[in-house]
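K.L.:
Just dropping this structure here.
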Amino acid sequence: MRLSSCNACVEVDEARGKVRRPLLTIFVSAVVYSIALVLKFHLNISGAAEVAAFGLAYVVPCVEALRKGLSELSSKNPFNEYLLVVVATLGAFAIASYPEAAGVMLFFMVGEHLQELAVRRSRRSIKALLSLKADHANLKTEKGVVKVRPEEVRVGDLILVRPGERIPLDGEVIKGTSVVDASALTGESTPRLVRSGDHVLSGMVNLSGLLLIKVKRRYSESTVARILNLVERGSARKAKAEVLIRRFARYYTPAILVLAASLAFLPPILFGASLKVWAYRSLVVLVTSCPCALVISIPLTYFAGLGKCAKEGVLVKGSNFLDLLARLKVVALDKTGTLTKGAFRVSKVVAVNGFEDEDVLRYAALAEAHSNHPIALAIRNAYPIDETIDLIEEYEEEPGYGVKAKVGGVEVLVGNERLMLREGTKSYQRGKEGSLVHVAIGGVYAGYVAVSDEVREGARGVVKGLKELGVGKVIMLTGDREDVAKRVAEELGVDEYYFELLPWDKVELIEDICASEGGGPVAFVGDGVNDAPVIARADVGIAMGGLGSDAAIEAADVVIMGDELTSLLKAVKVAKKTRSAVLQNVGLALGLKLLLLGLGALGEAAMWEAAFADVGAALITILNSVRVLK
């Protein structure tokens, strides 16, 4: 704890130092500049005395600007805004515009400091949203409870989580009852009750009782580690606008230097115009052309958008996907577990060929003992297995079909109609009671288990909301039968629905939709292992409740951390707001630059106006970017 406290102190001291150093530079420069102005306009100094007075006011911020400019060399960006300002102000000194040279440099450094404060504040607020990692874990050992780093805890270890502490690792509650706050993970505003047997995730905050938790995952595989890893990887994926701006800035500065040089020397050479007049105009062009507003505000806008989505319980793996979310043309949603609750219940059991209802349900429950599919859980809930699962000698789960198992030496098939047909099982039945799970025992069709599901609350509102946000088409994909799919589709009001689809059928369908939309972004929203291929294929793959599925979270571009489908609407709204702010910033910055470039070239704008416009535009665009967080 002492070490972490010291580290925290060092970080605080460093942060304060980063704020104080520029402030000291600005203060000293402002005092010297004020004295220089008094000397010039009240005592009428001139010549060497004037150069010395304004030179002192100029040199301190100029050194700081040169330091920052040289630091950009390490990032292979030799042509940057600092170079433009230094060249422009040195040129002003060369033509004896001393007050303007020192004043523009001072004002530029004030603007840079205010920009850094705005960026630091937004980064700090976003970092706070993702500060989910617990500092320690209370490991229960034979000698008592020991504080250790979460990385040192192994699977199967027992940890204590006291009231007010953050849960450090994923696990199962062994003892205790408490209320936990999962808002940082899922965006849920309502705390949830957990008791013995419930699963908890790292990053949740224990609010009331003492919990004894059995660790189910190492820290590197825990929910917190996955989230932080996703955010880290996401920052490397840039939106097209962000990439274009960076490329633009790389070639923009050399082009402006050439333009300024041409403006300074061509009119005097070709037409005999005044070199001093045209040199001054070229310096105004240089100051006006600083690309601060574009280079800083656009990456910051996307960063703010990613942070806002994280606050709403949605992880977006890169600003490029945020851009795609804002322009969605088609949203395809999986039915089970996404549009419906996925909380199936057994509504009916039908036995044939001499089998009893109990036989059908018992063998189905045993065969599904290792499956995490919602239907399998419903069957096991309807017939709790008291028998040992050692009876299961062989087990194979086939996505889109069902399960093949050998239970006590007897081959059992549990799945849909396609599985029965493929395995050559005769006399399977058709029913109208929801989804049917067919059961064959020892090669003989034994009957079916009917399970039903409920549509999620608010699912219809989400479909309607997506259309209101500009999505052209909302469709539903399912592996269920036509009658079940039709009932759910009509209840939700989707534009189209497709049924009896295998995982690869969904992939082919999404490929066809992507091709038919002519490049318009297509999103797929699903959950579970069987949706991973189509999530990976869509322009924007969205995992619903993806923290529970390794395959889904790895394949997805966007992960909705809770089970609330309304989070999808929130993510699209944030994406649209982010894109709108980016376009506003680009329009404002470029429009103002072009206006002042024209005025400067015509001699209608001075360096003061150029400096105010440059720093002012940067501050306005930065404030507009930070607005996305609100």
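The values are calculated or read from the model by the stated rules, or taken from the named source; none is laboratory data. Just so we're clear, the structure is a prediction, and the values are computed from it rather than from any experiment. Here the Cβ is made from the backbone with ideal geometry for all residues, glycine too, and neighbour counts use every protein chain on show.
K.L.:
Output the residues belonging to region 405-427 that are surrounded by 18 or more Cβ atoms within 10 Å (Cβ to Cβ) and over 20 Å from residue 352 (Cα atoms).
P.N.:
405
K.L.:
Continuing with the same structure: In region 127-140, what residues are out of contact with any Pro (no Cβ under 9 Å at 6 or more places or on another chain), closer than 19 Å to residue 216 by Cβ and at pLDDT below 90?
P.N.:
Taking region 127-140 first, the residues out of contact with any Pro (no Cβ under 9 Å at 6 or more places or on another chain) are 127-132, 139-140.
Keeping just the survivors that are closer than 19 Å to residue 216 by Cβ gives 132, 139-140.
Passing the criteria: only 132.
K.L.:
Under 30 Å from residue 570 (Cα atoms), aliphatic (A, V, I, L, M) and modelled with pLDDT of 85 or more: is that true of residue 459 in this structure?
P.N.:
On the way: under 30 Å from residue 570 (Cα atoms): yes; aliphatic (A, V, I, L, M): yes; modelled with pLDDT of 85 or more: yes.
Yes; evaluated as a whole, the condition is true for this residue.
K.L.:
Considering only residues of region 436-456 that are at pLDDT 90 or above and of a type in the set (Ser, Thr, Tyr), which is surrounded by the most Cβ atoms within 10 Å (Cβ to Cβ)?
P.N.:
448
K.L.:
Step by step: first the residues of region 493-508, then only those that are in contact with a helix residue (DSSP H, G or I) (Cβ under 8 Å, 6 or more places away or on another chain) and part of a helix (DSSP H, G or I), then the one that is surrounded by the fewest Cβ atoms within 10 Å (Cβ to Cβ). Which residue is that?
P.N.:
504
K.L.:
Could you pull out the residue among 605, 610 that is in a helix (DSSP H, G or I), hydrophobic (A, V, I, L, M, F, W, C), under 26 Å from residue 281 (Cβ atoms) and assigned by TED's automatic domain parsing to the domain that holds residue 285? Steps first, please.
P.N.:
Working: 605 fails: in a helix (DSSP H, G or I).
The match here is 610.
K.L.:
Say we look at region 558-574 and pick out the residues that are at pLDDT below 85 and charged (D, E, K, R); which of these is surrounded by the most Cβ atoms within 10 Å (Cβ to Cβ)?
P.N.:
Step by step, filter region 558-574, then rank; the result is 564.
K.L.:
So for region 362-369 (the condition being farther than 23 Å from residue 223 by Cβ, among the hydroxyl-bearing types (Ser, Thr, Tyr), within 39 Å of the chain's Cα centre (by Cα) and crowded, with 24+ Cβ neighbours inside 10 Å), does at least one residue qualify? Before you say what the answer is, go through the steps one by one.
P.N.:
From region 362-369, those farther than 23 Å from residue 223 by Cβ are 362-369; that's our starting set.
Still in the running and among the hydroxyl-bearing types (Ser, Thr, Tyr): 363.
Within this subset, residues satisfying the condition of being within 39 Å of the chain's Cα centre (by Cα) are none.
Looking through region 362-369, none of the residues is farther than 23 Å from residue 223 by Cβ, among the hydroxyl-bearing types (Ser, Thr, Tyr), within 39 Å of the chain's Cα centre (by Cα) and crowded, with 24+ Cβ neighbours inside 10 Å.
K.L.:
When the residues of region 319-337 are filtered to those that are touching a Phe, Trp or Tyr at 6+ places or on another chain (Cβ under 7 Å) and outside any strand (DSSP E or B), which remaining residue is nearest to residue 465 (Cα to Cα)? Before the answer, list the steps.
P.N.:
Going residue by residue through region 319-337, those that are touching a Phe, Trp or Tyr at 6+ places or on another chain (Cβ under 7 Å) are 319, 322, 332.
Still in the running and outside any strand (DSSP E or B): 319, 322.
On the way: 319: 23, 322: 18 Å.
Among residues in region 319-337 that are touching a Phe, Trp or Tyr at 6+ places or on another chain (Cβ under 7 Å) and outside any strand (DSSP E or B), the one nearest to residue 465 (Cα to Cα) is 322.
K.L.:
Another one. Only one of 629, 592, 588 is farther than 30 Å from residue 329 by Cα and either in contact with a strand residue (DSSP E or B) (Cβ under 6 Å, 6 or more places away or on another chain) or in contact (Cβ under 8 Å) with a residue 12 or more places away in the chain (or both). Can you tell me which?
P.N.:
Sole residue among the options that is farther than 30 Å from residue 329 by Cα and either in contact with a strand residue (DSSP E or B) (Cβ under 6 Å, 6 or more places away or on another chain) or in contact (Cβ under 8 Å) with a residue 12 or more places away in the chain (or both): 592.
K.L.:
Here's something else I'd like to know. For residue 214, work out the one condition from (1) over 19 Å from residue 135 (Cβ atoms); (2) modelled with pLDDT under 90 it doesn't fulfil.
P.N.:
(2)
K.L.:
Also: So which residues in region 471-492 are more than 23 Å from residue 419 (Cα to Cα), surrounded by fewer than 19 Cβ atoms within 10 Å (Cβ to Cβ) and at pLDDT below 90, if there are any at all?
P.N.:
Listed by number, the residues that qualify are 472, 487, 490, 491.
K.L.:
Taking residue 369, is it part of a helix (DSSP H, G or I), touching a Lys or Arg at 6+ places or on another chain (Cβ under 9 Å) and among the small types (Gly, Ala, Ser)?
P.N.:
Details: part of a helix (DSSP H, G or I): no; touching a Lys or Arg at 6+ places or on another chain (Cβ under 9 Å): yes; among the small types (Gly, Ala, Ser): yes.
No.
K.L.:
Follow-up question, since we're still on this one. Hey, does region 296-311 have a residue that's out of contact with any strand residue (DSSP E or B) (no Cβ under 6 Å at 6 or more places or on another chain) and on the phi > 0 side of the Ramachandran plot? Give the derivation first.
P.N.:
The initial filter retains those residues of region 296-311 that are out of contact with any strand residue (DSSP E or B) (no Cβ under 6 Å at 6 or more places or on another chain), namely 296-305, 307-308, 310-311.
Restricting the remaining residues to those that are on the phi > 0 side of the Ramachandran plot gives none.
So far as region 296-311 goes, no, none of its residues is out of contact with any strand residue (DSSP E or B) (no Cβ under 6 Å at 6 or more places or on another chain) and on the phi > 0 side of the Ramachandran plot.
K.L.:
Also, quick follow-up: Could you identify the single residue in 308, 276 that is touching a residue at least 12 places away in the same chain (Cβ under 8 Å), of a type in the set (D, E, K, R) and crowded, with 22+ Cβ neighbours inside 10 Å? Reasoning before the result, please.
P.N.:
Details: 276 fails: crowded, with 22+ Cβ neighbours inside 10 Å.
Criteria check complete, one pass: 308.
K.L.:
What is the number of the single condition among (1) outside any loop (DSSP other than H, G, I, E, B); (2) farther than 30 Å from residue 460 by Cβ; (3) modelled with pLDDT of 85 or more that residue 353 does not meet?
P.N.:
(1)
K.L.:
Working only within region 457-498, note down all residues that are within 15 Å of residue 534 (Cα to Cα) and not β-branched (Val, Ile, Thr). Before you say what the answer is, go through the steps one by one.
P.N.:
Of all residues in region 457-498, those within 15 Å of residue 534 (Cα to Cα) come to 475-479, 498.
Hits for region 457-498 are 476, 477, 479, 498.
K.L.:
OK, next. What tally of residues in region 204-225 results from selecting those that are buried (at least 22 other Cβ atoms within 10 Å of the Cβ) and farther than 12 Å from residue 171 by Cα?
P.N.:
Counting residues in region 204-225 that are buried (at least 22 other Cβ atoms within 10 Å of the Cβ) and farther than 12 Å from residue 171 by Cα gives 2.
K.L.:
Looking only at region 537-548, filter to residues that are at pLDDT below 80 and surrounded by fewer than 24 Cβ atoms within 10 Å (Cβ to Cβ); which one of those is farthest from the chain's Cα centre (by Cα)?
P.N.:
548
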